[in-house]
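*Asks:* Below is the structure I would like to discuss, written out as structure tokens.
The values are calculated or read from the model by the stated rules, or taken from the named source; none is laboratory data. Because the structure is predicted, anything quoted here is derived from the model rather than measured. Cβ placement follows ideal geometry from the backbone for every residue including glycine, while neighbour counts extend to all protein chains displayed.
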Amino acid sequence: MYYQWGFDRFHVNGDNIYRVILGYEETTGIDEAVAPLPLGPALKDDYSEFTAYTRFLRTALPLLHDGETYLERGSFVDPDFLTMFSFPLVTSDGRANLLEPGSIVLSESLARRMFGDKDPIGQSIGYDESNSFLVTGVVKDPPPNSHLQFNYLTNITFGAQWGLDFDSWSDISYSTYVMVQPGVSQATVNKRIVECHGKHEPTRRDSYYSQNLRDIYLYSGFKFDYVNLGSISQVRLLGAAGILILLLACLNHMGLSTVKLTRRASEVGIRKVIGAGKAIDELTLLPYPTTCVKQILFLSSFT
């Protein structure tokens, strides 16, 4: 249960990071974990409360190196990704923006599989026969209690090769995360998202709101939510079951203690009949008297 509660709580900026959610969709009745591609940049440009944003698009590009092909789970992200989320760098080439177009950041495990003990920084990794990425950094593998999982990161502008239109407000298919100034309420975040969308896309009446990063794992279940999720209902059920078991154990212990005390009281009565003194009576009522000491004191009471 503690593991479930701990999801995404290792991010230093977690209290100030929100995911944008598309509200009730009439044909399905299920909210969707997607937003238009231009929404994140527009929020940062238009409102001072927003300090960073990133889109998160899952991909599985074939990575080519030294005659081997690696089919790994990766993500297209914006440069703010590594400043928003607490995925520590293992090594880098020192540049401020590790996710410039044409660059790639590897997870520690993938870097080890591809390069062994060699330094991967500055190396090239192909993604087709004539094009390649430049390795600019290596990050620690995302921990199991992160809803964001990846083996590599590359700049989202790469998606333009696949036809992504970064100016289109009608393409609502991608996860968007935003970070706000400390102290900005979620109600304000929701208000700004609605205002921003209405200003840039007045012809659509889509409804948007935000979800805090630390609520994603247990309080989701949205359409197009392609992450491993838990359930707050299951956590509450397990917690209630644990409390019930603890209560039953306490009651059982109290019952056993009462039975033992009753038996020892009976022993005291019998020993008084045969002449046992006060000392032996008190010892008999101790929780765990040793048999040897009881016998010695019992015998000494007759001398």
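*Asks:* In the set Phe166, Phe158, which member is assigned to a loop (DSSP other than H, G, I, E, B) and closer than 20 Å to Gly40 by Cβ?
*Replies:* Going through Phe166, Phe158 in turn, just one is assigned to a loop (DSSP other than H, G, I, E, B) and closer than 20 Å to Gly40 by Cβ: Phe166.
*Asks:* Is it true that Gly183 is without any contact (Cβ under 8 Å) to a residue 40 or more places away in the chain, under 16 Å from Ala52 (Cα atoms) and assigned by TED's automatic domain parsing to the domain that holds Asn97?
*Replies:* On the way: without any contact (Cβ under 8 Å) to a residue 40 or more places away in the chain: yes; under 16 Å from Ala52 (Cα atoms): yes; assigned by TED's automatic domain parsing to the domain that holds Asn97: yes.
Criteria met by Gly183.
So that you can scan it fast, the table gives a plain yes or no per residue for (1) among the hydroxyl-bearing types (Ser, Thr, Tyr); (2) within 19 Å of the chain's Cα centre (by Cα); (3) under 15 Å from Ile125 (Cβ atoms):
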site	(1), (2), (3)
Thr54	yes, yes, no
Ser86	yes, yes, no
Arg95	no, no, no
Leu99	no, no, yes
Leu110	no, no, yes
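*Asks:* Just one of (1) closer than 21 Å to Val12 by Cα; (2) surrounded by fewer than 22 Cβ atoms within 10 Å (Cβ to Cβ); (3) β-branched (Val, Ile, Thr); (4) at pLDDT 95 or above trips up Thr91, so point out which.
*Replies:* (4)
*Asks:* Go through the residues of the range 24-45 one by one and say whether even a single one is of a type in the set (Ser, Thr, Tyr), modelled with pLDDT of 95 or more and assigned by TED's automatic domain parsing to the domain that holds Ile104. Steps first, please.
*Replies:* Here is the first cut: in the range 24-45, the ones of a type in the set (Ser, Thr, Tyr) are 24, 27-28.
Subset that is modelled with pLDDT of 95 or more: none.
No: zero hits.
*Asks:* Still on this structure, I have one more. With the range 84-150 as the region, which strands (runs of 3 or more DSSP E) entirely inside it contain at least 3 residues that are of a type in the set (A, V, I, L, M, F, W, C) and touching a Leu at 6+ places or on another chain (Cβ under 7 Å)?
*Replies:* Working: elements: 89-92, 103-107, 124-126, 132-139.
The strands (runs of 3 or more DSSP E) meeting that bar are 132-139.
*Asks:* Among the residues that make up the range 66-80, is at least one of them in contact with a Cys (Cβ under 8 Å, 6 or more places away or on another chain), among the hydrophobic types (A, V, I, L, M, F, W, C), assigned by TED's automatic domain parsing to the domain that holds Gln186 and within 22 Å of Phe158 (Cα to Cα)? Show your work before the answer.
*Replies:* Taking the range 66-80 first, the residues in contact with a Cys (Cβ under 8 Å, 6 or more places away or on another chain) are none.
Scanning the range 66-80, I find no residue that is in contact with a Cys (Cβ under 8 Å, 6 or more places away or on another chain), among the hydrophobic types (A, V, I, L, M, F, W, C), assigned by TED's automatic domain parsing to the domain that holds Gln186 and within 22 Å of Phe158 (Cα to Cα), so the answer is no.
*Asks:* So which residues in the range 165-174 are buried (at least 16 other Cβ atoms within 10 Å of the Cβ) and either hydrophobic (A, V, I, L, M, F, W, C) or not assigned by TED's automatic domain parsing to the domain that holds Thr54 (or both)?
*Replies:* Trp169, Ile172
*Asks:* Give the residue that is surrounded by the most Cβ atoms within 10 Å (Cβ to Cβ), with candidates limited to residues of the range 138-164 that are small (Gly, Ala, Ser) and over 10 Å from the mean Cα position of the chain (by Cα).
*Replies:* The qualifying residue surrounded by the most Cβ atoms within 10 Å (Cβ to Cβ) is Gly159.
*Asks:* Of all the residues that make up the range 16-55, how many are outside any loop (DSSP other than H, G, I, E, B) and crowded, with 16+ Cβ neighbours inside 10 Å?
*Replies:* Filtering the range 16-55 for residues outside any loop (DSSP other than H, G, I, E, B) gives 16-22, 32, 35-36, 39-46, 50-55.
Within this subset, residues satisfying the condition of being crowded, with 16+ Cβ neighbours inside 10 Å are 16-22, 32, 35-36, 39-44, 50-55.
The total comes to 22.
*Asks:* Right, next: Name the residue, out of Leu218, Leu213, that is surrounded by 16 or more Cβ atoms within 10 Å (Cβ to Cβ), under 30 Å from Ala60 (Cα atoms), out of contact with any Leu (no Cβ under 7 Å at 6 or more places or on another chain) and modelled with pLDDT of 90 or more. Can you show your working first?
*Replies:* Numbers: Leu218 fails: modelled with pLDDT of 90 or more.
Sole residue among the options that is surrounded by 16 or more Cβ atoms within 10 Å (Cβ to Cβ), under 30 Å from Ala60 (Cα atoms), out of contact with any Leu (no Cβ under 7 Å at 6 or more places or on another chain) and modelled with pLDDT of 90 or more: Leu213.
*Asks:* So which residues in the range 201-215 are under 17 Å from Phe50 (Cα atoms) and over 22 Å from the mean Cα position of the chain (by Cα)? Lay out the reasoning, then the answer.
*Replies:* Taking the range 201-215 as the starting set, the residues that turn out to be under 17 Å from Phe50 (Cα atoms) are 208-213.
Scanning the range 201-215 gives a single hit, Tyr208.
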